[in-house]
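Peer 1: My questions will all concern the structure given below.
Please treat every number below as a calculation from the coordinates, not as lab data. Small disclaimer: the values here were computed from a predicted structure and weren't measured. Virtual Cβ from ideal backbone geometry, glycine too; neighbours counted across all protein chains shown.
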Amino acid sequence: MASFVCTPIAKFMELFGFIPLSTKQTRDIITHTVNNREKNNIVRKDLLQLLLQLRNTGKISEEDNWTLGATTDGTKSMTIEMIADQSALFYIAGSETTSINSSFTLYELSLHPKYLKTAVEEVDSVLAKHGLKPSDPLTYEAIQDMKFIDLCMNETLRKYPGLPFLNRECTKDFKIPNSEHTIKKGTAIIISILGLHYDPDYFPDPQTFDPYRFTEEKHSYNPDAYMPFGEGPHHCIAKRMGVINSKVVVIKMLANFNIEPKEKKEIEFQYNSGVAYVPKGGLQMKLSRRV
């Protein structure tokens with residue numbers, strides 16, 4: 001992951017010949033694909049096409065324009081390595097987010113029968129509205145119609161954000177309100193997302209799983225303190241994919257299975273080799289097929 005997330009570290013490692021096989025293979029695949037698309041003028045509506053457009057023109061078209069384009073002076077704003085890093089990070093972050101977020105959402109619902117009942121009723125109702133069976137592929141419209149599932153996933157991301165902290169760099173001197181301390185420009189900063197998400201000043205009763213805190217009527221939280229995917233220009237590149245994939249998993253599981261907690265115990269966490277921290281030993285639930 002260091003090879004994709006932190007380029008300076010990756011370049012330092014490469015000086016001593018430490019180039020992970022997965023990194024080399026990914027870059028080789030991306031290089032071959034880029035050369036093939038540019039040589040044969042291949043246009044596909046995907047992430048790589050957008051990155052190539054950014055590389056060639058310095059921007060991504062806001063219109064439905066998927067051509068590669070080219071700068072007037074022939075310069076490139078991104079290297080092949082940068083494109084490979086972003087492509088790999090998009091896949092890794094999006095996949096891991098899907099697994100962790102959907103698992104925690106289902107686990108919390110299993111612990112709270114009243115929310116589980118509401119979620120299942122919404123899934124059944126929306127599927128019927130769109131003429132879908134539990135075994136049918138979901139449509140985008142049906143997914144977007146399931147608003148309570150959104151609330152549950154938002155609350156899950158508050159309690160279990162993909163990353164417990166953010167690292168940023170101060171871009172200008174900032175005096176901390178009501179103190180004598182000033183953060184100088186260029187200072188490296190660590191922001192505790194868990195600290196923000198569990199601060200009762202921002203989220204009342206933070207230990208409680210309460211999806212309704214995200215409704216417009218209740219809105220019992222500070223939106224500026226909610227950042228499960230980071231914040232600013234460097235927020236998670238795979239946010240949208242991770243969220244919608246997680247929602248699909250949750251919907252499919254609720255449509256086809258009854259879910260119960262295997263045991264109620266405090267969750268222990270551990271870091272893995274990816275981009276998140278995960279429950280030690282997994283999350284234990286009982287599943288039985290709905291009839």
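Peer 1: Taking amide H positions as placed in the peptide plane 1.01 Å from N, state which residues far from THR187 in sequence (5 or more) or on other chains have amide H under 5 Å from it.
Peer 2: CYS170
Peer 1: Normalized C-alpha radius of gyration of region 99-289, against 2.2 N^0.38 Å?
Peer 2: On the way: Rg = 18.6 Å, N = 191, 2.2 N^0.38 = 16.2 Å.
Ratio of Cα Rg to 2.2 N^0.38 Å: 1.15.
Peer 1: Say R0 is 25 Å: what FRET efficiency, to the nearest 0.05, do TYR140 and ASN258 get from their beta-carbon distance? Intermediate values should be presented prior to the final figure.
Peer 2: Details: r = 27 Å, r/R0 = 1.07.
My answer for the efficiency is 0.40.
Peer 1: Could you compute the FRET efficiency for GLU217 and LYS24, with r as their C-beta to C-beta distance and R0 at 35 Å, rounded to 0.05? Spell out each step's value before the answer.
Peer 2: On the way: r = 53 Å, r/R0 = 1.52.
Step by step, r from the Cβ atoms, then E = 0.10.
Peer 1: Among LYS172/LYS280; LYS147/LYS264; LYS24/LYS247, which pairs are too far apart, with a Cα-Cα distance over 31 Å? Let's see the in-between values first.
Peer 2: Working: LYS172/LYS280 40 Å; LYS147/LYS264 27 Å; LYS24/LYS247 33 Å.
Over 31 Å apart, Cα to Cα: LYS172/LYS280; LYS24/LYS247.
Peer 1: Quick one: net charge of LEU132's neighbours, Cβ under 13 Å, K/R +1, D/E -1?
Peer 2: Working: positive: LYS129, LYS133, LYS252; negative: ASP124, ASP136, GLU141, ASP145.
Neighbour charge sum, excluding LEU132 itself: -1.
Peer 1: Order by neighbour count: ARG213, ARG37, fewest other Cβ atoms within 10 Å first, most last. Let's see the in-between values first.
Peer 2: Working: ARG213 19, ARG37 16.
Lowest to highest Cβ neighbour count: ARG37, ARG213.
Peer 1: Label-point separation (nm) for PHE174 and VAL248, each offset 7 Å from Cα along Cα-to-Cβ?
Peer 2: 3.7 nm
Peer 1: Could I ask something else about it? Viscosity 0.692 mPa s, temperature 37 °C: Stokes-Einstein D of region 119-223 from its Kirkwood Cα radius, in µm² per second?
Peer 2: 194 µm²/s
Peer 1: Also, I was wondering about something else. Arrange the following residues from fewest to most other Cβ atoms within 10 Å of their Cβ: VAL291, VAL249. Can you show the working numbers first?
Peer 2: Details: VAL291 4, VAL249 16.
Lowest count first: VAL291, VAL249.
Peer 1: How high is the FRET efficiency between HIS181 and ASP46 when r is their beta carbon distance and R₀ equals 30 Å, given to the nearest 0.05?
Peer 2: 0.05
Peer 1: Under 14 Å Cα-Cα from LYS265, which aspartates and glutamates qualify once same-chain neighbours fewer than 8 residues away are excluded?
Peer 2: Within reach: GLU108.
Peer 1: Give me TYR226, TYR160 sorted ascending by neighbouring Cβ count inside 10 Å, so fewest comes first.
Peer 2: Values: TYR226 19, TYR160 24.
The most exposed by this proxy come first: TYR226, TYR160.
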